[in-house]
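Q: So that we are looking at the same thing, I have put the structure below in structure tokens.
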Amino acid sequence: MPELPEVETVANGVNGRIRGEVIESVWLSRYREPFKTSPKAMAEALTGTRIERVHRVGKHIVFDLYRPGNPPSSLQWIVHLGMTGRLLVSAAGVPVPQHTHAILHLSSGRELRFVDARRFGRLRLHRPAESQEEFQGPGREPLTIPVTDFAVLFRRRRTSIKAALLNQSLLHGVGNIYADESLFRAGIRPTRMAARLSRERLARLHSSLQSVLREAIRLGGSSVSDYVDADGAAGFFQLEHRVYMRTGEPCLVCQTPIRRTVIGGRGTHYCPLCQS
DNA sequence: AATGAAACCTGACAGC
DNA sequence: TGCTGTCAGGTTTCAT
């Protein structure tokens, strides 16, 4: 499931492969779920633009697009991978996979394809001219938020720290894997009420979260389910998971069996001895 | 306003 | 073999 490190890996991969290319034509599927902007408006807006840069904001992949003309204009194409979304750069002759919802035909002759079996992914346009600013995402960036701001996010939150970490309007980019892994590394029980964590424990969580995210980015993300990068290659961080999907297996620190519970409808994994 | 549960989806897998 | 039921979880929607 794509979270911050997986989305960053995909965005960087796509950026390196197709930055500078012109979108010559666009094909979009007839399903309605993937499109938060109408397919007609999206295809018209994308066609003829040049891809200036592709980068990540939270779990969103942002395409900065430039339209030449008099006057020239700019806009952003926002891609959210949902659970099973993929962005693939392919040669034109490569067979189009099932569940393909968008094909951007590029000036090099290659294609950028958005493929998403479950249709939880979303595509939309963002126009800086209309909204006065570039796409920002719903919350704060986990990798750059200062520790004091981080602590403020959880003040007076009477929900569990796990649910708060998953709340995208607070921090964006953290999903189920990295919530569980960062809480284990910080020694915090996922069920603990966010508001009751001490400043010291929140500082430790801030540090654990940033280091686990950076390490996962370095390893190309976690390939569980069917996540792959823009080349179709898997990541390696799943080999570093200490609690996620290790229910019943011994804790790597104390040998106690890892326990599983459900928080906010999400499978939640923790060590009952190491996390208090 | 904040919180939690349900709904949206398909593929993988277990059990029979 | 093939069927049925369950589970996975990011986001949105709805109810409390």
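The values are calculated or read from the model by the stated rules, or taken from the named source; none is laboratory data. Values in this document were obtained by computation on a predicted structure and should not be read as measured data. No Cβ is skipped: glycine too gets one built from the backbone with ideal geometry, and neighbour counts run over all protein chains shown.
Q: For region A:48-55, state whether one or more residues are of a type outside the set (Phe, Trp, Tyr), in a loop (DSSP other than H, G, I, E, B), out of contact with any helix residue (DSSP H, G or I) (no Cβ under 8 Å at 6 or more places or on another chain) and at pLDDT 95 or above.
A: yes
Q: In region A:230-266, which residues are touching a helix residue (DSSP H, G or I) at 6+ places or on another chain (Cβ under 8 Å), within 21 Å of residue A:85 (Cα to Cα) and not in a loop (DSSP other than H, G, I, E, B)?
A: Those that are touching a helix residue (DSSP H, G or I) at 6+ places or on another chain (Cβ under 8 Å), within 21 Å of residue A:85 (Cα to Cα) and not in a loop (DSSP other than H, G, I, E, B): A:237, A:266.
Q: Of everything in region A:155-178, what is in contact (Cβ under 8 Å) with a residue 60 or more places away in the chain and not in a loop (DSSP other than H, G, I, E, B)? Give them in sequence order.
A: Of everything in region A:155-178, those that are in contact (Cβ under 8 Å) with a residue 60 or more places away in the chain and not in a loop (DSSP other than H, G, I, E, B) turn out to be A:160, A:162, A:163, A:166, A:176, A:177, A:178.
Q: Okay, moving on. What residue, among those in region A:63-89 that are in contact with a helix residue (DSSP H, G or I) (Cβ under 8 Å, 6 or more places away or on another chain), part of a strand (DSSP E or B) and farther than 15 Å from residue A:104 by Cα, is nearest to DNA strand C (Cβ to nearest atom)?
A: If we take residues in region A:63-89 being in contact with a helix residue (DSSP H, G or I) (Cβ under 8 Å, 6 or more places away or on another chain), part of a strand (DSSP E or B) and farther than 15 Å from residue A:104 by Cα, then A:75 is nearest to DNA strand C (Cβ to nearest atom).
Q: Looking only at residues that are among the small types (Gly, Ala, Ser) and closer than 17 Å to residue A:19 by Cβ in region A:106-129, which one is farthest from DNA strand B (Cβ to nearest atom)?
A: By that ranking, first place goes to A:107.
Q: Only one of (1) at pLDDT 95 or above; (2) polar (S, T, N, Q); (3) under 30 Å from residue A:241 (Cα atoms) fails for residue A:9. Which number is that?
A: (1)
Q: Out of A:41, A:11, I need the residue that is buried (at least 21 other Cβ atoms within 10 Å of the Cβ) and farther than 13 Å from residue A:121 by Cβ. Which one?
A: Values: A:41 fails: buried (at least 21 other Cβ atoms within 10 Å of the Cβ).
Just one listed residue meets the conditions, A:11.
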